[in-house]
Amino acid sequence: MSKFWAQDSSSESGSNSESDSDSSSNSDSSASSSNEKKAGDTNNANRWVMDSDSSSDDEVRVVKSAKDKAWENFQDQVTKIRNAMKISAWNNIQTEFDTLVKMMSKASSLLAANNGHPKFYIKLLCDLDDQVTASLKDKVAFKKLSAANGRSLNRMKLAFRKYIKDFAEQMKEWRANPVDDEEQDKDDSDSDSDSDSDSDS
C-alpha cells in the first residue's frame, strides 16, 4: 500500500496495521531507492548538459552540402586505396575499391547532377590500371605475394578490367591531359559559385 493509505488505516485493527506497515516499509524503501536513482540521473544529465553547452560555445558549426560530404567520403576511400597500393596489399585494395564502387553507385544521382565522376576518381582508375598491369608483369614479385594477395590481384584484374570499360573515354582524356586534383576541384567550385551568383541575380 502507498504511504498515504497506510496512515489512514492506522485506526483500523492491529492485524491490518501490521500488514500495512510491512508493505509500507517495503514500498518506502523501494520509493527511496528509486528517488535516489532519479536524483543521480538528474545530476548526471545536468552535468552533460553543462558540458555540451560550454563546448558548443567554442566550436563553430560548419554546414556542408551533399556534394561536399560525398566528395569527402570518396576522397577518404581513395586515400585508403592509395595507401594500400604503396605496400601492394591487394586484399585491402580490392576490399576498399569494392566499397568505393558501391559508394559511387549509391551517389549516382548526385554524380549526374555534378558533371559525372570526379577527376580524382578517374586518376585513381588510371593509376590502379597501371599498377595492376605492372604487378602482373612482374612474375618474381607475384610469386612472393601471399596466397590471399595473389588471389585478390587476380580477382582485381578480372573485375577491374571489366569495370573500367565504362570509363575508357574519360581515362583516355585524363592520360592525354592530366590535371592536378586540387586545381580541378578549385575550378569546379569556382564555376559552381559563379553559376550560383548568376542565378541569384
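Screening Asn114 with (1) within 24 Å of Ser65 (Cβ to Cβ); (2) open to solvent by 50 Å² or more (accessible area, probe 1.4 Å) gives one miss only, at (2).
Yes/no per residue for (1) at pLDDT 90 or above; (2) hydrophobic (A, V, I, L, M, F, W, C):
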site	(1), (2)
Thr95	yes, no
Ser108	no, no
Lys123	yes, no
Phe142	no, yes
Glu173	no, no
Ala176	no, yes
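How many residues are open to solvent by less than 20 Å² (accessible area, probe 1.4 Å) and assigned to a loop (DSSP other than H, G, I, E, B) when one looks only at segment 77-106? So the answer is 1. If you go through segment 127-150 and pick out every residue that is surrounded by fewer than 12 Cβ atoms within 10 Å (Cβ to Cβ) and farther than 30 Å from Glu173 by Cα, you end up with 6.
I need every pair where a residue in segment 106-117 that is among the hydrophobic types (A, V, I, L, M, F, W, C) has its Cβ under 8 Å from the Cβ of a residue that is open to solvent by 40 Å² or more (accessible area, probe 1.4 Å) and outside any helix (DSSP H, G or I), sequence separation at least 6 or different chains. Pairs found: Leu111/His117. Within segment 66-76, restricting attention to residues that are open to solvent by less than 60 Å² (accessible area, probe 1.4 Å) and not small (Gly, Ala, Ser), the residue that is nearest to the chain's Cα centre (by Cα) is Phe74.
The values are calculated or read from the model by the stated rules, or taken from the named source; none is laboratory data. Not measured: the values here are computed from a predicted model. Cβ coordinates were reconstructed from backbone atoms using ideal geometry, including for glycine residues, and neighbour counts include every protein chain displayed. Note: accessible area is taken over every heavy atom of the protein model, side chains too, but ligands, DNA and RNA are not part of it. Shrake-Rupley method; radii C 1.70, N 1.55, O 1.52, S 1.80 Å.
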